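The values are calculated or read from the model by the stated rules, or taken from the named source; none is laboratory data. Everything numeric in this text was worked out from a predicted model, so none of it was measured. Positions of Cβ are generated from backbone atoms using ideal geometry, with glycine treated the same way; all protein chains shown enter the neighbour counts.
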Amino acid sequence: MYSMMHLIRRYESRTSELFKSGKFPGWIHVCIGQEASVTGACFALRDDDYISPTHRGHGQCLAKGMSPAKAMAELYGKRTGSNLGRGGSMHLCDMEKGILCGIAILGAGLPFAAGVAMAEKLKGTDRVAMAFFGEGASNEGIVHETMNLASLWSLPIVFFLESNQYAELSHKSFHHKLDTLARRAEGYGMPGVTVDGNDVLEVYRVAGEAVKRAREGGGPTLIDSITCRLHGHYEGDPQVYRIPGDRDEWRKKDPIDRFGKRMLEEGILTDEESREIIAGIDRTIEDAVAYAEESPYPDPEEALELVYAGQGGRARSLEGGERRCGR
Amino acid sequence: MRSDPAVLYFGEDAGGKVGGPFALAKGLQDEFGTGRVYDTPDSEAAFVGLAVGLAASGFRPIVDISFMDFTLVAMDQIVNMAAKLVYMSGGQVKRIPLVIHTMAGAGRRAGAQHSQSLEAWFAQVPGLKIAAPSNPYDLKGIMKSAIRDDNPVIVMKHKAMLGMKGDVPEGDYTVPLGKASVKREGADVTIVAVSQMVNVALQAAGLLAGEGIEAEVVDPVTISPLDTETIVDSVRKTGRLVTLHESYKPCGIGAEIGAVVFEECFDFLQAPLVRVASSFNPFPYSPGMEDFTVPDVSRVVEAVRKVLKN
C-alpha cells in the first residue's frame, strides 16, 4: 500500500507537469492528497472484484491494478492507451482488472456498478463491486435511487464516497448540511461508516468489513472517507474558492508521510528501503511517459469504429507491448 | 424468455398480480420467477442503469418504462451510459444488449406528460437503436430482434396498439431492425409514416384510391438506423413525398427524411414535400383540443392533394 500510494502520487504529480507543458489534448483531474483513500479501498478488494471509477479516477484505477503505461498513453490520446485513445482521462477502463469504465457524469456510474454486482450475484459468484463517488455526486438523484435499490435487493456493492472537501469549485458546506454523509445510509437501510480517509490502514479495515459484508450476502455499505484534494478540480484551476490555509492543515495529515513515518517508527521500513521504493516508482512512471510519448495516435478514421457492438476491429487487433507495474 | 435464460425483465409493478400499468408483463413472474422478472421501485434512472450493468455482464435485460414520457427521467443512463460504454471503453465493454420498451403516443386523453412520441430525440444518439412498429406482427418480430441485438434498442409502441388486432404467427420469427417495409404500394405519392400514423396513412390511402390516387405507404419500422434506401427508392418511383408522424415538425424524423430525399433524389421530385405532424404544443387533455393537435386521416388526405397539385 505504501508503494501504491507513492505510485499514485508520482503519477499524478507527473501528469500535472505534463498537462502544464501541453502534452495532453484534454483536461485532467488529479487526486493528490487522496492516495490513502483509493489505495485502502482498492486493496480491500480481490483482483476479480470490480470498481467503478469517477472523473477523478487515475488513483482508483492504478490502485486496482491498471498499468501506469496504459493509463498514461490514454491521457496522451494514444492508440496504446487503455481505451485506445478514445476515452481519455475521465473514462479509464480495464475490464481484465475489474476496472469498469470511468464515468464522468456525477453519480451515473453507481447503477452501472450495481448492475454488474447484481449480475455476479445472479451467476452465483461472490465477486463484489465498489462504486466510487464524491460528496458533489452524493446530491445527485441517481445516487439515492441506486442506494435504495441496492439495499432493497441486497446487492454485493460498496458505495465508497470520497469526501475531498470540495465539489467542483465550492466547499462542501455549500452542498449539504450533514457533518458526515454516512448518516444518509440509515435512510436506505444500510450501514454507514465514516473513516479518516488519510489513514490508509483505517480505510483498508473499514473497506474490508464492507467488502466482506457484501461478499457474504449482507448487502451494501456506505463509506464516507474524509480526505482532501490538494490540487484544484481540474489542473489549471486557480482555486479562488479554497478556504485559506486549508492545504497547510491537510498537508500535516499527508497520507503517505503518515504511513511512512509509522512504518519507520515501528521498524517495518527503513529509510533506505523507502528510497529504493520511490526510485523504482520514478523509473516506472518515466517508462510510462516514454511509452506514451513513443506510441502512435489512432488513425482519425478509427473514430467511426465501435459505435455499435462488434463494429470495427483495427483498433482492437493492436498488440499490447505494455510495461506493467505490479503491486 | 423461454429460449434464453439470460433474458431478464424489469418494470414498475411488473411482478406480482398486476404486470405493470398496461398488464404487459401479466403472468411473466408466475412463469419465470422472481429471479428473472423484477418488480422495481419507481426509479427509472436507477433500474435502467442497473440493466446497463447487467447487459455489460452477459445478461439481456428487458426494461419496461410504462410511458415514453418517463424515459426522460432515465435519459442520462440511456444516452450517456447505455449508448456510449462500448465506444468510450475502447470495446472493452463488448456489448450492451438492453431493450427498453415503452408506450408512446396521444389520443388517450392522457395529458401533456403521458402522450409524447420522442423517437427523434433518441435518433440523435449514436450507439442507440430505436424501433416503432405499427402493428402486432411487426411488434413481436421487432421485440425478438431487439432482444437478440447486442446494442441498446428502444421499442416504442403506440397506445393505439393496446387492443389492436392483427395476425401474429405462434412460432419464432423476427422482423429485422433497420429495414423499412412498404405497407401499401402505389405510383402517385409516397407517404412515409411513423408508428400509429402508418395506420392513419393506410386509411387515407384507402380513401384516396377512391379518387384514383394511388399512395405508397412506407413504414420505416426502425427509426435509427433509418432504412433510407427503401424510402429513396419509393420517392424515385412516385416523385412526391409526404411525411407523417405524431411527434413535432421541427427537427422531427420527417425533416430528416426530407433532407435525405433532397440529398439522394432531388431530381426525381416533382413537387415540394409536405410534412404532417402534431401542432407545436404540449398534448392537451380536453378531447377537442387533443384531436386538433394530432394528425388524422383528413389532414393526410389534404396533404396528399396538396403535394399532387404542384
List every residue pair whose Cβ atoms sit under 7 Å apart, with the two residues 6 or more apart in sequence or on different chains, where the first one lies in region B:168-191 and is touching a residue at least 12 places away in the same chain (Cβ under 8 Å) and within 12 Å of B:LEU139 (Cα to Cα) and the second, anywhere, is polar (S, T, N, Q) and not in a loop (DSSP other than H, G, I, E, B). B:THR174/B:SER145; B:VAL175/B:SER145; B:PRO176/B:SER145; B:LEU177/B:SER145; B:LEU177/B:THR222
Condition first: crowded, with 24+ Cβ neighbours inside 10 Å and at the interface with another protein chain (Cβ under 8 Å from one of its Cβ atoms). Now tell me which residues in region B:62-86 satisfy that. B:GLN77, B:MET81, B:LEU85, B:VAL86
Pick from region A:53-91, criterion hydrophobic (A, V, I, L, M, F, W, C) and over 19 Å from A:ALA290 (Cα atoms), ranking: farthest from the other protein chains (Cβ to nearest Cβ): A:ALA63
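Could you grab me the full set of residues in region B:286-310 that are outside any helix (DSSP H, G or I), loosely packed, with under 12 Cβ neighbours inside 10 Å and at pLDDT 95 or above? Walk me through it before giving the result.
First pass over region B:286-310, keeping only residues outside any helix (DSSP H, G or I): B:286, B:294-296, B:310.
Those left that are additionally loosely packed, with under 12 Cβ neighbours inside 10 Å: B:286, B:310.
Matches in region B:286-310: B:SER286 only.
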Spot the failing condition for A:GLU168; the list is (1) surrounded by 19 or more Cβ atoms within 10 Å (Cβ to Cβ); (2) away from every other protein chain (no Cβ under 14 Å); (3) among the acidic types (Asp, Glu), and only one is missed. (1)
Report yes if A:GLU235 is under 20 Å from the mean Cα position of the chain (by Cα), in contact (Cβ under 8 Å) with a residue 40 or more places away in the chain and farther than 20 Å from A:THR39 by Cα, otherwise no. yes
Starting from region B:13-31, take each residue that is over 18 Å from B:PRO61 (Cα atoms) and list its partners that are among the polar types (S, T, N, Q) and surrounded by 14 or more Cβ atoms within 10 Å (Cβ to Cβ), counting only C-beta distances under 7 angstrom and pairs at least six apart or across chains. B:GLY16/B:GLN29; B:PRO21/B:SER66; B:PHE22/B:SER66
Residues A:VAL211, A:VAL240: which one is crowded, with 17+ Cβ neighbours inside 10 Å and either of a type in the set (A, V, I, L, M) or more than 17 Å from the chain's Cα centre (by Cα) (or both)? A:VAL211
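Could you check region B:1-88 for helices (runs of 4 or more DSSP H) lying wholly inside it with 1 or more residues that are closer than 30 Å to A:LEU304 by Cα? Please lay out each step first, then the result.
On the way: elements: B:28-32, B:44-56, B:85-88.
Output list reads B:44-56, B:85-88.
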Given (1) surrounded by fewer than 19 Cβ atoms within 10 Å (Cβ to Cβ); (2) under 20 Å from B:MET197 (Cβ atoms), index of the condition B:ASP267 fails: (2)
What number goes with the only condition from (1) out of contact with any helix residue (DSSP H, G or I) (no Cβ under 6 Å at 6 or more places or on another chain); (2) part of a loop (DSSP other than H, G, I, E, B); (3) within 10 Å of chain B (Cβ to nearest Cβ); (4) not hydrophobic (A, V, I, L, M, F, W, C) that A:THR125 does not pass? (3)
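Criterion first (assigned to a strand (DSSP E or B), in contact with a helix residue (DSSP H, G or I) (Cβ under 8 Å, 6 or more places away or on another chain), within 24 Å of B:SER43 (Cβ to Cβ) and of a type outside the set (Asp, Glu)) does A:LEU149 satisfy it? Reasoning before the result, please.
On the way: assigned to a strand (DSSP E or B): no; in contact with a helix residue (DSSP H, G or I) (Cβ under 8 Å, 6 or more places away or on another chain): yes; within 24 Å of B:SER43 (Cβ to Cβ): yes; of a type outside the set (Asp, Glu): yes.
Against the criterion (assigned to a strand (DSSP E or B), in contact with a helix residue (DSSP H, G or I) (Cβ under 8 Å, 6 or more places away or on another chain), within 24 Å of B:SER43 (Cβ to Cβ) and of a type outside the set (Asp, Glu)), A:LEU149 does not qualify.
Quick check on this structure: which one of A:SER82, A:SER52, A:SER37 is touching an Asp or Glu at 6+ places or on another chain (Cβ under 6 Å) and closer than 20 Å to B:GLN92 by Cα?
Working: A:SER52 fails: touching an Asp or Glu at 6+ places or on another chain (Cβ under 6 Å); A:SER37 fails: closer than 20 Å to B:GLN92 by Cα.
A:SER82 is the lone residue from the list that is touching an Asp or Glu at 6+ places or on another chain (Cβ under 6 Å) and closer than 20 Å to B:GLN92 by Cα.
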